[in-house]
1. Residues of the range 40-71 being among the β-branched types (Val, Ile, Thr) and surrounded by fewer than 10 Cβ atoms within 10 Å (Cβ to Cβ), which ones?
2. Determine whether residue 36 is out of contact with any Gly (no Cβ under 7 Å at 6 or more places or on another chain) and surrounded by 10 or more Cβ atoms within 10 Å (Cβ to Cβ).
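FYI, it's all coordinate maths here, none of it is from the lab. What you see is a predicted model; the values in this text were computed from it and never measured. So basically every Cβ, Gly included, is an ideal-geometry build from the backbone, and we count neighbours across all protein chains shown.
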Amino acid sequence: MKEQLIDERASIIANLRQLVESLVELNARTKAHVSSNKTDIKKLKKDNKELEKMKSRNSFFIRFFSLFFKS
């Protein structure tokens with residue numbers, strides 16, 4: 001009976017160690033994904049700024065050229 005309990009405890013501890021290793025691995029993958037997302041967000045923000053500037057310039061030219069078509 002004593003050996004069975006010792007073996008059961010060892011099995012539980014082994015399972016817990018595996019669980020901890022799995023959680024550490026999951027956290028590492030999650031961290032990498034978050035980092036990738038931050039990079040994507042930074043790029044998208046930069047792209048949006050450029051697009052907003054272009055939109056603003058386009059609006060200016062629309063107003064400017066519309067003056068030629070007013071009679």
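1. Scanning the range 40-71 gives a single hit, 62.
2. Working: out of contact with any Gly (no Cβ under 7 Å at 6 or more places or on another chain): yes; surrounded by 10 or more Cβ atoms within 10 Å (Cβ to Cβ): yes.
So residue 36 passes the test.
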